[in-house]
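The values are calculated or read from the model by the stated rules, or taken from the named source; none is laboratory data. Only a predicted model underlies this, so the values are computations on that prediction, with no experimental measurement involved. In this analysis, Cβ positions are derived from the backbone assuming ideal geometry, glycine residues included, and neighbour counts consider all displayed protein chains.
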There are 2 protein chains.
Amino acid sequence: MTGTKARILDTALALFNRHGERNVTTNHIAEALGISPGNLYYHYRNKAAIVSALFDRYQERLLEWLPAPSGPLTWQDKMRYFEGILESMWQGRFLHRDLAHFLLQDPELRRRYKTFVAASLERGLSIYQGLRDSGLIAASDEELRGLLMNTWLLAASWPGFTHGLNPDAAGDENLDRALLRQGVYQIICLEAPYLRNEALDHLDAMKSEYRASAATVDLLFTDVSVAPGGE
Amino acid sequence: MTGTKARILDTALALFNRHGERNVTTNHIAEALGISPGNLYYHYRNKAAIVSALFDRYQERLLEWLPAPSGPLTWQDKMRYFEGILESMWQGRFLHRDLAHFLLQDPELRRRYKTFVAASLERGLSIYQGLRDSGLIAASDEELRGLLMNTWLLAASWPGFTHGLNPDAAGDENLDRALLRQGVYQIICLEAPYLRNEALDHLDAMKSEYRASAATVDLLFTDVSVAPGGE
DNA sequence: TGACCTCTAGAGTATTTACTCTAAAAATCC
DNA sequence: GGATTTTTAGAGTAAATACTCTAGAGGTCA
């Protein structure tokens, strides 16, 4: 039931994330799928169209993770938001990695991205205001805006940062997860000073739950000479 | 006195920052300089060597901005640090934009980058500890590390973020500066909760000094249809 | 069975681009 | 001023890659 069109997106996303969009040719995608280049171009008129479609999918999925609050929010809700954001950004990490290039080349995409960022930040603000109403955080609207902008930048750049430092780790599911969780930890650090009540009570527990081991963090900065043949 | 070798770097940096490394060919660089491709390749054996040299220069300049504290620090010192960091990252914004690709392609560069990031974070920690000794901030070492990581990510991604949303602004010196200062504002937001004493007294003043006007920020997210012929 | 439409194959191409090579100009040295 | 070395020009090339084009397979409906 999964049509060729969707399979192209899946494969392209996986290849882009692993090798970088720049290093993945349309022929590579077709080959990985076991289809012909002609077939690929039958479904997408060019490479940019694939990127554009992936961007749409990414955008939808991220906003799904950020439903406007309906009713009082708990600190568990907050953690779910964080996980969702980072999960989405992880899945679309190639996008943020090469975003600057796409935005420069494609004014239409740029337009969409602007409204997307603006919408996400608005959505985030309403969520944080909900958390404030629930007494879980204390901050002025201005502080929330600053916090949100920083959260966005952090979440958007974290996957690219870790993957850039440690591309060899790609495919190691455990390590991937650990690094992703460390990203949540960084976001926790960001908002920690504003937490109150139950959120504050659980701060330490959350920190230690999401923080990666020192060994894992070290792995980011120390030089791991890849064993030969370990591709 | 400025040799060809240095002029190549200057021109390449300017072109890379404006158009993205991916869109700038070695022939473009040579043409912009008014030299032949052969000449360019006489000085740098390939494009990656140019990027690598630019990276070295960037690295040196950033660390120059982050001298280890000798004696007690003031809040003015702190602001100078921030400005220096963002200034450096602005000048090398193409690097962070396309960093993932460079790191993936060049294991040697990756190694250097890892030690560079680690060194910068260490340096940053000693600076923050200096600020703590001066009573300007209050935070545990662990909090400082989290803060530093976030500061790094923020500073590294802010130039690319603004430029990506608004590439047409490139060349508008005033707008560039305003957006860069807004980056400092974001960093201020990051550390605001930890400030004490004089640093706290000047917080509001610093915020309003660095924050860009609402109109400028709006410009980031609203769609500016570029007037035709406005390249 | 035949007409029609969707989907696929795969060889092929036009273009871009990083880089080479040879020779000559310019600078330096004795 | 001649010899030698450094620097430059610029035409040219090999490889990569996004994309095209034609032909045909497979399904559907009459």
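Taking the criterion of being closer than 21 Å to A:Leu95 by Cβ, within 11 Å of DNA strand D (Cβ to nearest atom) and loosely packed, with under 15 Cβ neighbours inside 10 Å, the residues of the range A:10-27 that qualify are A:Asn23, A:Thr25. Within the range A:102-123, being touching a residue at least 12 places away in the same chain (Cβ under 8 Å) and among the basic types (Lys, Arg) holds for A:Arg112, A:Arg123.
Exactly one residue out of B:Tyr128, B:Tyr58, B:Tyr81, B:Tyr113 is more than 16 Å from DNA strand C (Cβ to nearest atom), closer than 29 Å to B:Asn17 by Cβ and within 14 Å of chain A (Cβ to nearest Cβ): that is B:Tyr113. A:Ala212 passes every criterion in (1) of a type outside the set (Lys, Arg); (2) touching a Gly at 6+ places or on another chain (Cβ under 9 Å); (3) not in a helix (DSSP H, G or I) apart from (2). The set of residues in the range B:131-142 that are more than 10 Å from every other protein chain (Cβ to nearest Cβ) and either in contact with a strand residue (DSSP E or B) (Cβ under 9 Å, 6 or more places away or on another chain) or part of a helix (DSSP H, G or I) (or both) comprises B:Leu131, B:Arg132, B:Asp133, B:Leu136, B:Ile137, B:Ala138, B:Asp141. Do we have any residue at all in the range A:1-21 that's in contact with a His (Cβ under 8 Å, 6 or more places away or on another chain), among the polar types (S, T, N, Q) and within 16 Å of DNA strand C (Cβ to nearest atom)? Yes, the range A:1-21 contains at least one residue that is in contact with a His (Cβ under 8 Å, 6 or more places away or on another chain), among the polar types (S, T, N, Q) and within 16 Å of DNA strand C (Cβ to nearest atom). The residues on offer are B:Pro107, B:Pro37, and the sole one that is over 30 Å from B:Leu136 (Cα atoms) and either at pLDDT below 95 or assigned by TED's automatic domain parsing to the domain that holds B:Pro159 (or both) is B:Pro107. Scanning the range B:201-214 for residues that are modelled with pLDDT of 95 or more and away from chain A (no Cβ under 13 Å) yields a total of 4.
Based on what the data block shows, is A:Gln76 under 18 Å from A:Asn17 (Cβ atoms) and in a helix (DSSP H, G or I)? No, not satisfied. Among the residues of the range A:66-79, at least one is on the phi > 0 side of the Ramachandran plot, surrounded by fewer than 20 Cβ atoms within 10 Å (Cβ to Cβ) and either at pLDDT below 95 or among the charged types (D, E, K, R) (or both). Of the residues making up the range B:176-193, those that are over 18 Å from B:Phe94 (Cα atoms) and without any contact (Cβ under 8 Å) to a residue 60 or more places away in the chain are B:Ala178, B:Arg181, B:Gln182, B:Tyr185, B:Gln186, B:Cys189, B:Leu190, B:Glu191, B:Ala192, B:Pro193. Given the condition of a type in the set (A, V, I, L, M, F, W, C) and more than 25 Å from A:Asn17 (Cα to Cα), answer yes or no: does some residue in the range B:90-105 qualify? Yes, some residue in the range B:90-105 is of a type in the set (A, V, I, L, M, F, W, C) and more than 25 Å from A:Asn17 (Cα to Cα). Exactly one residue out of B:Arg93, B:Arg57, B:Arg110 is within 25 Å of A:Leu103 (Cα to Cα) and touching a Gly at 6+ places or on another chain (Cβ under 9 Å), and it is B:Arg93.
Looking at B:Gly160, B:Gly183, B:Gly171, just one residue is assigned to a loop (DSSP other than H, G, I, E, B) and either under 22 Å from A:Pro107 (Cβ atoms) or assigned by TED's automatic domain parsing to the domain that holds B:Pro72 (or both), and that residue is B:Gly171.
Residue-wise test of (1) closer than 25 Å to A:Leu95 by Cα; (2) in contact with a helix residue (DSSP H, G or I) (Cβ under 8 Å, 6 or more places away or on another chain).
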| site | (1), (2) |
| --- | --- |
| B:Ala155 | yes, yes |
| B:Leu165 | yes, yes |
| B:Ala199 | no, yes |
| B:Ala205 | no, no |
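Each residue in the range A:22-43 was checked for being farther than 21 Å from B:Asp98 by Cα and within 11 Å of DNA strand C (Cβ to nearest atom), and 14 of them qualify. If you go through the range A:15-54 and pick out every residue that is touching a residue at least 12 places away in the same chain (Cβ under 8 Å) and assigned to a helix (DSSP H, G or I), you end up with 22.
A residue that is touching a residue at least 12 places away in the same chain (Cβ under 8 Å), away from DNA strand D (no atom under 15 Å from the Cβ), surrounded by 15 or more Cβ atoms within 10 Å (Cβ to Cβ) and more than 14 Å from every other protein chain (Cβ to nearest Cβ) can be found somewhere in the range B:91-101.
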